[in-house]
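What follows draws every value from the coordinates through simple rules; no lab data is involved. Remember, it's a predicted structure, so these values are computed and weren't measured experimentally. Every residue, glycine as well, gets a Cβ built from its backbone with ideal geometry; the counts of neighbours run over all protein chains shown.
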Amino acid sequence: MNMMDLTMNRIDMVFNDLREKGSKALITYITAGDPNLGATADLIIEMEKAGADIIELGIPYSDPLADGPVIQRASARALNNGIKIADIMNMVRSVRQATQIPLIYLVYYNSVFKYGIDRFVKEAHDVGIDGIIIPDLPLEERGEVFDITKQYGIHLIPLVAPTSHQRIPKIVENAGGFVYCVSTTGVTGERDEIQTNIKDYMEEVSRYTDMPKAIGFGISNPDMASQLKDYCDGIIIGSAIVSLIEKAASRDEMLDSVYRFIRGVKRVL
């Protein structure tokens, strides 16, 4: 592995570019394999065209604790299709021939552990993944995972919540890419409003790290994105997109509705 791999992660390049332009990252989430892997590959390309800057691919899991009903249903649909981690790796490898957009796996710890941590991270690196988010990774287990991701130049992206307070320094220590700032306590899902005092929360996170900060959980439209963008470096949208995928009656309708939605959000960032 050459040094270039370790110094220039695609996630860092995107945040640097956007900072120079004075704009914010739009980070989009879809569940890999929902409705099928071919659709996932098409959606990656379509979302990039629409203005997504970074894409998170959820690895389907039977008990996704951090996720609300929309993403739980997507996970169940993908698992019913018999989607395996190896299939997702192959899909990423082939889509990498068409795009250099930063790609992140969102994966539950048990899936990685069963697959083999070293094997999972090495394969993720080989197919072109830039970051990994493990929402239920205990701080105690993080050292081992962090050592492996660092070896392969992949960012282990930390999640903080409004209730993290004194744990923030520990959570962000050694992590990379950006800090995933969960907007509200609870699970993912579209919300009408966010109750957290975002300004105080972001100032608190900023005291402990210079990493870019992205806000996620509950952002469902351009208005919410534009209200939050001044406090952070990026906006993460998942359930609102997964919901469009779920409702679409055809592949074309799915790609079109996702494209228009993302385009609308990107305009305000």
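Which of the trypsin sites (Lys or Arg not before Pro) found in region 68-164 are loop residues per DSSP with 16 or fewer other Cβ atoms within 10 Å of their Cβ? Please report the intermediate quantities before stating the final value.
On the way: sites: 73, 77, 84, 93, 96, 114, 119, 122, 142, 150; in loops: 84, 96.
Listed in order of number, the matching sites are 84, 96.
Taking every eigenvalue of the Cα gyration tensor of region 119-269, multiplying by 5 and rooting it, what semi-axes result, largest first, whole Å? Display every interim value, and only then the final one.
Working: eigenvalues 147, 95, 33 Å².
Value: 27, 22, 13 Å, ordered largest first.
Give me the one-decimal nm value for the distance between modelled label points at residue 100 and residue 150, 7 Å along each residue's Cα-to-Cβ direction.
2.8 nm
Lysine pairs in the chain with alpha-carbon atoms under 18 Å apart, 8 or more places apart or on different chains: how many are there?
Close lysine pairs under the 18 Å cut-off: 20.
Skipping prolines and chain starts, which residues have an amide H placed within reach, meaning under 5 Å, of the one on residue 213, given they are 5 or more residues away or on another chain?
For residue 213, the qualifying residues are 179, 233, 234.
Run the simple label-point estimate for residue 210 and residue 257 please: 7 Å along Cα→C-beta, distance reported in nm.
About 4.4 nm separates the two model spin labels.
For the chain, with only Lys/Arg (+1) and Asp/Glu (-1) charged at the beta-carbon, what is the dipole magnitude about the Cα centre, in debye rounded to 20?
Numbers: 28 positive and 37 negative charges, 54 e Å.
Taking the Cα centre of the chain as origin, the dipole is about 260 debye.
Which helices, counted as full DSSP H runs in the chain, have an axial Cα extent of no less than 18 Å and a Kyte-Doolittle average of -1.0 or above?
Numbers: long enough: 37-50 (20 Å, 0.60); 139-151 (19 Å, -0.90); 251-268 (27 Å, -0.52).
Span-like helices here: 37-50, 139-151, 251-268.
Would you mind telling me which residue in 158, 138, 222 has the biggest mean-square fluctuation in a Gaussian network model of the chain, where springs connect alpha carbons within a distance under 10 angstrom?
Maximum among the listed residues: 138.
Under 16 Å from a point 7 Å along the Cα-to-Cβ line of residue 163: which residues of region 34-66 have their amide N that close?
65-66
Once fully extended, how much extra length lies between residue 173 and residue 227, figured as 0.36 nm per residue of separation less the alpha-carbon to alpha-carbon distance? Before the final figure, lay out the partial values.
Numbers: separation 54, 0.36 × 54 = 19.44 nm, distance 2.86 nm.
Extending this stretch completely gives an extra 16.6 nm.
Gain in length, residue 200 to residue 247, computed as 0.36 nm per residue apart minus the alpha-carbon separation, to one decimal in nm? Can you show the working numbers first?
Details: separation 47, 0.36 × 47 = 16.92 nm, distance 3.65 nm.
Once the chain is fully extended between residue 200 and residue 247, it gains 13.3 nm.
Taking neighbour counts of Cβ atoms within 10 Å as a proxy for exposure, in what order, fewest first, do 224, 202 appear? Kindly include the intermediate steps, with their values, before the conclusion.
Details: 224 23, 202 20.
Placing the least packed residue first, the sequence is 202, 224.
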